[in-house]
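Heads up: the structure comes next, in structure tokens.
The values are calculated or read from the model by the stated rules, or taken from the named source; none is laboratory data. Nothing here was measured: the structure is a model prediction, and the numbers come from that model. So basically every Cβ, Gly included, is an ideal-geometry build from the backbone, and we count neighbours across all protein chains shown.
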Amino acid sequence: DGRLATCSITSAGDIGNTINDTLEFNSSDALNPQLCLVDENTLALVYDGGTAGGNDGYLVTYNISSTGDIQNTWTDQWEFDTTRGTTPSIMKVWDDSESSGANWFAIGYEDTNNDLYVKTCSVTDAGVITKSWVDTQAIDITNGDFCSFALVGLNSSATNKKILVGFSGEGSDGYVSSIDITRNGMINSEIDTLEFDATDCISKPWLVMTNTTFGWLIIYEGTGNDGWSCSFTLTTNEVPYWKTVSPYTIIGTGSDTGPSGMKNVTLWYRYRVTNTSSWGGWVRWNNANNPDTNPWAGISWDFTCPNGSGRYEFYSIACDNVTNTESIPSNSDISCGFDNEKPISSVNMIDTYWTSSSSLTVTATATDGGSGVRNVTLYSRFSSDNLSWNGWTNAGVDTMQPWSWFVTLSNGTGYYQFYSIARDNLTNVETVAGIADTGCGYETTAPSSSVNIITPYWKNQGVTLSAVATDVVSGVKNVTLLYRFSSDNSSWNGWVNAGVDPVQPWTWDFVFLNGTGYYQFLSIAKDHAANTESTPGAADASTGYEDQAPSSVINTISEYWQDSSPLTLTAVVGDTGPSGLQNVTLYYRYRATNMSSWGSNISFGVDNTPWGLCSWVFSFPEGAGHYRLYSIATDNATNIETTPGGTGDTTCGYNTGAPVSEVDEISPYWTSTTPFVIQATAEDFGPSGLKNVTLYYYYSTDNSSWTGPWLYDVDSNPWITCSWSFPFPNQTGYYRFHSCAADNSSHIEDAPLLNDSECGYDIQSPTCLITYNTTQNSFKAFDPIRIIATFSETYSGIDESSVQLAISTLGNGSLNNTSMNMIDNTHWFYDWVVPSGTDEDGVFTTRVYASDAVSNDLDPSPTIDSSKHIDNTPPVISNLTIDSLTSSSVQISWLTNENTTGHIEFGPTPSFGFWLHSIPFTISHHYTLSGLSAATTYYYRVISYDLAGNHDSSSDATFTTNQQTSKRAQIGTHNENIPPSNPTIDGPTTGHVSQLYSFNTRSVDSNNDSLTYTFDWEDGVIDSSGLMQSGMNCTRNHSWMKAGKYILQVTASDPTTTVSSKHIIWIDAVAVGDVGYLTDDDRDGIFDLFHNQQTGIKTATEIRQGVYLIDVNGDLQWDYEYNVTTGEMFSILHQTSSTQATQFPLMLIFSVIIMVFLSLLIVVYRRRFYKKQ
């Protein structure tokens, strides 16, 4: 692998003991690597890629810092020969400061044909490679290897540099060749070659110059693998480029092929200061011997370098005797440099004069206007007191830029001075000035310091601290203040830098950043040589600091308004610092009312022992009114608590008295609005003012039994508008209200004996049951019908103005919205006459519209009944025939076009005399008359009735019975009426309000007469049926709107007699023996009232442990206990043994009643009075 490493080497040649940095630049193969500097921080590296890299040639650049740190990746890389590039060498030939602007490098290596080539390329100072060759020169095209380079120097014209190339050539012999490389990287042809070993050179030969007269030494591995060396001299025919003496002679040559011969030769020159300067214009040499007027005797000029040190170029112009003049050449003939100036150097200023390090790097700058600086010598001297100095001594010679020396201050503590002497590449040496360019001081003894004692010990604000410090040699440069903190004077934090003072006197304005606690201080001095005082084991000084004032706060007075004096006030006090509390003072501010301004702060008293219980007995010194209270604590470090702003620590009022309030009257009584705004008036006559007004309410489902009072809400700003948005939390029902006011001094109004106001809330839609005064379903023209609307509305009642009736028929007999007649708020009726006309035939629809007193519409709205219909078309009788005629009987048959009933009138005369009724409803009629007289002519006709009562009569007809002796016809059923049987009633015996129940009745008439039934429901409603066949069931439905005991009476009627039966039903009621019954009026499962069956008295009940207490006579005493579950009833005995015993409770009752009445009068008067106020 290829690895690169750095180490340090001093100017004296000492190599450091450790490797500074390493880098593996190739992890496979890297053979024969060679290094070359590009500039101060850039390195070029060539190597053979080895087997893994195909023995290709590589050029890589890296950046290396002044401390030897190698960058982790290469700056640039070029595989300069992708076939073979073994045993490469590299040398920097031209710097960009002296060439055509590029750093030119020569690279020599053996290629794939074993030939040795030297090639040139450029690399920038930053290490960027131009990846193409500028020029190529073959050195050995037979077998060249192991190339090495050496730089000879500039030629006489300073346009080329001579390079020596050492290598192993044909037969592994040793050779050295010389070549020129121009400023633009071009390689001139090979100048000369020397075979220095005709036997063996089996490794890279190294070329070393031995003197300035071109003596060279070659070191190489030769025969027997031994180390060999040889020397040679490099000769040149060129005149030295640089001159140090002026004038000097320039020799020229000239010729003329014409017959006139040369007349003279004139010298021209041009000048520039450095290689990077621009050339001046060509100037004719202004001298007495220019032109040379006898060129046939030799051409020369004594040139005096008129522009001084610098670079000169020359050409000559010949002229013959007939004025033919030579053309101006395109390039100069020759060039030279002139340098008779001494170089200049100066040691650079040392950044820090004083140092505690025993060695340092000294640098210098050096310039030369001509041949350039060759080397710089550093001189130094020492003084222990900066007054008496030792002699100057040579501290080292640096031969390469940058000019620097690693100097050891071997004389120890004291003062050192330095100057430099530069030499150029000729013989010019800088003049010794005899004075120092710069100097430094060296000291290793640390200074000492101490923080001055701090008095007094306790501080409550920042403090200025001071210290004393001394140093023997360089003097104190600065003093650092260190501090540490402890909250308990036992456990300490670490030392913290509190600041550096660079100027005497050594002081610091110290701010106690850690707050209250204990502080210790010490100082650390540093001298100008960077020697620092060691940290002492103990602090120099200490102090205590408490920057937080003590705290105190009066405990909150739980009730703002107070009605007794004095009031004990307590405070919570604390001091987080170590100095401790001294005292706590109570202050107050006062105003009489909320409209008054607050007075000034007044001290009430001082508690000098606040570390116990901090308290004061406050006597409200200003009397009734408002007080703001606060406390101020002081500690022993004179820290005083800040006065609180705003309302202080706590507030209170001092006052007596009670407010009054009353809920405003609510009108109208019933509402369906929610939330409903309930308003009240309230007033307080004391200074504390109203605090709030609380609304209480009672609730009842029946306006009789009440629950409550329940607190609804508190109006906390009644002085604006005292009101509540009441949502009727118990929903529909009855509500009573009263208010209780409270002032800010905790006085609360007594609850009134009577409620202030009341109202009802109803969002329950009423319902309606449509019935008729008859059970028949079909009606004919001009039939009167009573339409009955029975409303179920428990609470606000039906709005009497809202009850409307509409009847829709198929003809023109419809009835638009019409007011109904009221029996009571629950029961309404309308008497309607069926319109005539057959176009009315069909179903008619009854619609009832209504709403309750708070505009809740019927549910459903409207309520509709379409169970009845109109039939104005009478039936048609046809096919009247006589069948089965005998001497005593006959069968009469006929047809009708619809189901009908009817009767047959018959008799032996045209006025008939007999009739037979209650023929069943049918369309095919057959009826047998029996008991007829023989051989008798009978007159008869048939009359048929449809369901609506329309009838049709057949024509009068006759029939004659057969001859036969028989008994006289018995038609007893038509001559003697027998009443029908008592009707049976089938139906429930218990039920609930508003629920519909079915009842069936049936009666049998012995005469087979048709019957009508009447239902009296005992709630003001009576239903009737039409004619019905004997023995047929009649069904009717009914619901009751109130709880109670009801006796249903059903009456059955034939044409001449009536009979009736009764049936008891308990609607939300239960019998209590034979004394009465209980009713559940609000349907909540609890029986509310007792009904005395004998007297009709209704009394409220009370339930205790599942047993009802009953007052049967309204004397406010319980007479019975009744268990609904078991049906058991027990009498309750009352004491009646003494008249006096009876009179005393009565007197007591009357007294209580009188007192209650007087109290009510007082309350009512007081409220009315305050309302007027």
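Here are the numbers:
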| item | result |
| --- | --- |
| Residue list for the range 1055-1096, restricted to those being under 22 Å from residue 978 (Cβ atoms) and in contact with a strand residue (DSSP E or B) (Cβ under 6 Å, 6 or more places away or on another chain) | 1058, 1059, 1060, 1061 |
| Identity of the residue in the range 448-465, polar (S, T, N, Q) and either more than 17 Å from residue 579 (Cα to Cα) or touching a residue at least 24 places away in the same chain (Cβ under 8 Å) (or both), that ends up surrounded by the most Cβ atoms within 10 Å (Cβ to Cβ) | 449 |
| Tabulated pairs, the range 390-404, first within 13 Å of residue 347 (Cα to Cα), second of a type in the set (Asp, Glu), C-beta under 9 angstrom, 6+ apart or interchain | 402/40; 404/398 |
| Selected residue (only one of 1121, 1128 is charged (D, E, K, R) and surrounded by fewer than 13 Cβ atoms within 10 Å (Cβ to Cβ)) | 1128 |
| Residue match in the range 468-485 (condition: surrounded by fewer than 20 Cβ atoms within 10 Å (Cβ to Cβ) and modelled with pLDDT under 90) | yes |
| Residue satisfying condition, being in contact with a helix residue (DSSP H, G or I) (Cβ under 9 Å, 6 or more places away or on another chain) and among the polar types (S, T, N, Q), within set 103, 143 | 143 |
| For residue 69: the one exception among (1) surrounded by fewer than 18 Cβ atoms within 10 Å (Cβ to Cβ); (2) free of Cβ contacts under 8 Å to residues at least 60 places away in the same chain; (3) of a type outside the set (A, V, I, L, M) | (2) |
| Among the candidates 762, 743, 713, 756, residue that is charged (D, E, K, R), modelled with pLDDT of 90 or more and more than 25 Å from residue 1098 (Cβ to Cβ) | 713 |
| In the range 109-134, the residues that are of a type outside the set (A, V, I, L, M, F, W, C), surrounded by fewer than 20 Cβ atoms within 10 Å (Cβ to Cβ) and under 60 Å from the mean Cα position of the chain (by Cα) | 124, 125, 130, 131 |
| In the range 43-60, residue nearest to residue 102 (Cα to Cα) [restricted to those that are touching a Gly at 6+ places or on another chain (Cβ under 7 Å) and surrounded by fewer than 22 Cβ atoms within 10 Å (Cβ to Cβ)] | 56 |
| Residue list for the range 489-509, filter: in a loop (DSSP other than H, G, I, E, B) and of a type outside the set (Ser, Thr, Tyr) | 489, 492, 493, 494, 495, 502, 503, 504, 505 |
| Yes/no for residue 204 being charged (D, E, K, R), more than 30 Å from residue 289 (Cβ to Cβ) and at pLDDT 85 or above | yes |
| Residue tally, condition of a type in the set (D, E, K, R), part of a loop (DSSP other than H, G, I, E, B) and surrounded by fewer than 15 Cβ atoms within 10 Å (Cβ to Cβ), over the range 1088-1118 | 1 |
| Enumeration of residues in the range 575-598 that are modelled with pLDDT of 90 or more and over 30 Å from residue 687 (Cβ atoms) | 583 |
| Any chance residue 512 is in a strand (DSSP E or B) and either of a type in the set (Ser, Thr, Tyr) or surrounded by 14 or more Cβ atoms within 10 Å (Cβ to Cβ) (or both) | no |
| Qualifying residue in the range 1020-1031 (condition: touching a Lys or Arg at 6+ places or on another chain (Cβ under 9 Å) and not acidic (Asp, Glu)) | yes |
| Only one of 664, 713, 635 that is buried (at least 20 other Cβ atoms within 10 Å of the Cβ) and either of a type in the set (D, E, K, R) or out of contact with any strand residue (DSSP E or B) (no Cβ under 8 Å at 6 or more places or on another chain) (or both) | 635 |
| Test: residue in the range 793-802 that is surrounded by 15 or more Cβ atoms within 10 Å (Cβ to Cβ), over 28 Å from residue 700 (Cα atoms) and aliphatic (A, V, I, L, M) | no |
| Cβ pairs under 6 Å, 6+ apart, first in the range 20-47 and assigned by TED's automatic domain parsing to the domain that holds residue 90 and assigned to a loop (DSSP other than H, G, I, E, B), second surrounded by fewer than 20 Cβ atoms within 10 Å (Cβ to Cβ) and among the polar types (S, T, N, Q) | 20/6; 29/51; 41/63 |
| Among (1) farther than 20 Å from residue 550 by Cα; (2) in contact (Cβ under 8 Å) with a residue 24 or more places away in the chain; (3) of a type outside the set (Gly, Ala, Ser), the one test that residue 595 misses | (2) |
| Hits in the range 102-136 (condition: assigned to a loop (DSSP other than H, G, I, E, B), farther than 18 Å from residue 87 by Cβ and of a type in the set (S, T, N, Q)) | 103, 124, 130, 132 |
| Residue list for the range 5-63, filter: of a type in the set (S, T, N, Q), over 21 Å from residue 94 (Cα atoms) and within 59 Å of the chain's Cα centre (by Cα) | 6, 18, 20, 22, 26, 27, 28 |
| Sole residue being small (Gly, Ala, Ser), in contact (Cβ under 8 Å) with a residue 24 or more places away in the chain and either not assigned by TED's automatic domain parsing to the domain that holds residue 128 or not in a loop (DSSP other than H, G, I, E, B) (or both), chosen from 89, 97 | 89 |
| Top-ranked residue in the range 269-293 [being not charged (D, E, K, R) and not in a loop (DSSP other than H, G, I, E, B); ranked as surrounded by the fewest Cβ atoms within 10 Å (Cβ to Cβ)] | 283 |
| Complete set of residues in the range 1005-1040 that are under 27 Å from residue 824 (Cβ atoms) and in a strand (DSSP E or B) | 1013, 1014, 1015, 1016, 1022, 1023, 1024, 1036, 1037, 1038 |
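Each row is one residue, and each column tells you yes or no for (1) surrounded by fewer than 22 Cβ atoms within 10 Å (Cβ to Cβ); (2) outside the structural domain of residue 1112 (by TED's automatic domain parsing); (3) outside any strand (DSSP E or B).
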| position | (1), (2), (3) |
| --- | --- |
| 1042 | yes, yes, yes |
| 1048 | yes, yes, no |
| 1051 | yes, yes, no |
| 1055 | yes, yes, yes |
| 1060 | yes, yes, no |
| 1063 | yes, yes, no |
| 1074 | yes, no, yes |
| 1078 | no, no, no |
| 1086 | yes, no, yes |
